[in-house]
1. Could you check R185 against (1) more than 22 Å from V5 (Cβ to Cβ); (2) open to solvent by 60 Å² or more (accessible area, probe 1.4 Å) and say which number it fails?
2. If you check C50 against the conditions, is it open to solvent by less than 10 Å² (accessible area, probe 1.4 Å) and under 21 Å from A17 (Cα atoms)?
3. Among A210, A230, which is the only one that is surrounded by 15 or more Cβ atoms within 10 Å (Cβ to Cβ), out of contact with any Asp or Glu (no Cβ under 9 Å at 6 or more places or on another chain) and among the small types (G, A, S)?
4. Of everything in the stretch 14-41, what is in contact with a helix residue (DSSP H, G or I) (Cβ under 6 Å, 6 or more places away or on another chain) and not hydrophobic (A, V, I, L, M, F, W, C)? Give them in sequence order.
5. Name the pairs whose Cβ atoms lie under 7 Å apart, with the first residue in the stretch 164-175 and in contact (Cβ under 8 Å) with a residue 40 or more places away in the chain, the second small (G, A, S) and open to solvent by less than 30 Å² (accessible area, probe 1.4 Å), and 6 or more positions between them or separate chains?
6. Among (1) in contact with a helix residue (DSSP H, G or I) (Cβ under 6 Å, 6 or more places away or on another chain); (2) in a helix (DSSP H, G or I); (3) open to solvent by 60 Å² or more (accessible area, probe 1.4 Å), there is one condition E237 misses while meeting the rest; what is its number?
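The values are calculated or read from the model by the stated rules, or taken from the named source; none is laboratory data. Note that the coordinates shown come from a computational prediction; the quantities given were computed from them, not determined experimentally. Cβ atoms come from the backbone with ideal geometry, glycine included; neighbour counts cover every protein chain shown. Each accessible area value is taken on the protein alone, full model and side chains, heavy atoms only, with ligands, DNA and RNA left out. Shrake-Rupley method; radii C 1.70, N 1.55, O 1.52, S 1.80 Å.
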Amino acid sequence: MFEIVGNEALVSRLEKAARAGSLSHFYIIGGPEGSGRRTLATQLAAAMECTASDVPCLKCAQCRKVLGNIHPDVTVISSDKQTIGVEPVRRMRTDAYIRPNEGKRRIFIIPEAETLTVQAQNVMLKLLEEPPGTASFMLLTDNPGALLQTVRSRAVELSMNRLTGQQVLNYLLKLFPEKREQAQRAADSCGGLIGKALELMEDSGENTAAEDKAREIIKHIKNRDRLAVAAMFTSFERASRGDFEALLTALLEQFAAQAPKDSRFIQQADTIGRAIEYFRANVSTAHICGYLSAAITQLL
């Protein structure tokens, strides 16, 4: 059984085709980024390689390899350039005629198919006109209209739709049952896109960690523990820029909240504000930590 959130009619149709052994050799999967295109493509590949009677079982050795991105017969075509040109498609065409290593088919997935150049699509078209019997292809895109009509006409097009807020919330609560408030905020803000919702959940976890560290710094400031404050900022010198930005934001918010109760935090909030300006000017994290350590301990 496919494990796809929402899109029930689409999933039902694919399950019937999988059970009947009539999955297409060429799919175009459309939908906004974060709608589950890659998840569907991966599970379709698993269905094509599955050795169970009820496909995809998502449990047999073949399925597990596909889901773990380690199946030797499933290839993802990408490029480190802005477009996917002719050469990757030519290599795919050559590989498509090689017999599978251990699975039933050789499967090729292109996650950002809208970046295929016209020339690359024309090379692919020749392959699709006379496809080898043991090869399948999936093009994933947020804009099927960017593909040549001659390519689209040879594919079965699938469209991943946005979900309702309740569908997203139910899914998130299965993964994060202890984080109902964050899940609700993510479901309300993701626009019906599971991928976006999961990113928001990850961000909320980072923000929570940053808020905890900010509260610990405030505790040391209130205790006038200069050594502990300095040690805290030293420990942040090698933080990623994303984590460090979250910390600075949390510090600014919490210093501002403390200012009405303790005048020291007015000046300290100004110090954090300047640190954020330095951060945005690409000053190194280590230099900013040194500045904060000196400036804040001086105010204690």
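1. Condition (1) is where R185 drops out.
2. When the stated conditions are applied, C50 passes them.
3. It is A230.
4. Within the stretch 14-41, G30, G31, G34, G36 meet the criteria.
5. Taking only residues 6 or more apart or on different chains, the pairs are T164/G192; Q167/G6; V168/A187; V168/G192; V168/A197.
6. Going through the list (1) in contact with a helix residue (DSSP H, G or I) (Cβ under 6 Å, 6 or more places away or on another chain); (2) in a helix (DSSP H, G or I); (3) open to solvent by 60 Å² or more (accessible area, probe 1.4 Å), E237 breaks only (2).
Rundown of residues vs (1) more than 31 Å from the chain's Cα centre (by Cα); (2) open to solvent by 50 Å² or more (accessible area, probe 1.4 Å); (3) on the phi < 0 side of the Ramachandran plot, yes/no style:
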residue	(1), (2), (3)
F244	no, no, yes
T249	no, yes, yes
Q258	yes, no, yes
R274	yes, yes, yes
R280	no, yes, yes
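Residues are listed down the side, and each one gets a yes or a no for (1) in contact with a Ser or Thr (Cβ under 6 Å, 6 or more places away or on another chain); (2) assigned to a loop (DSSP other than H, G, I, E, B); (3) more than 30 Å from T83 (Cα to Cα):
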residue: L127; (1), (2), (3): no, no, no
residue: S136; (1), (2), (3): no, no, no
residue: T150; (1), (2), (3): no, no, no
residue: Q167; (1), (2), (3): no, no, yes
residue: A186; (1), (2), (3): no, no, yes
residue: G192; (1), (2), (3): no, yes, no
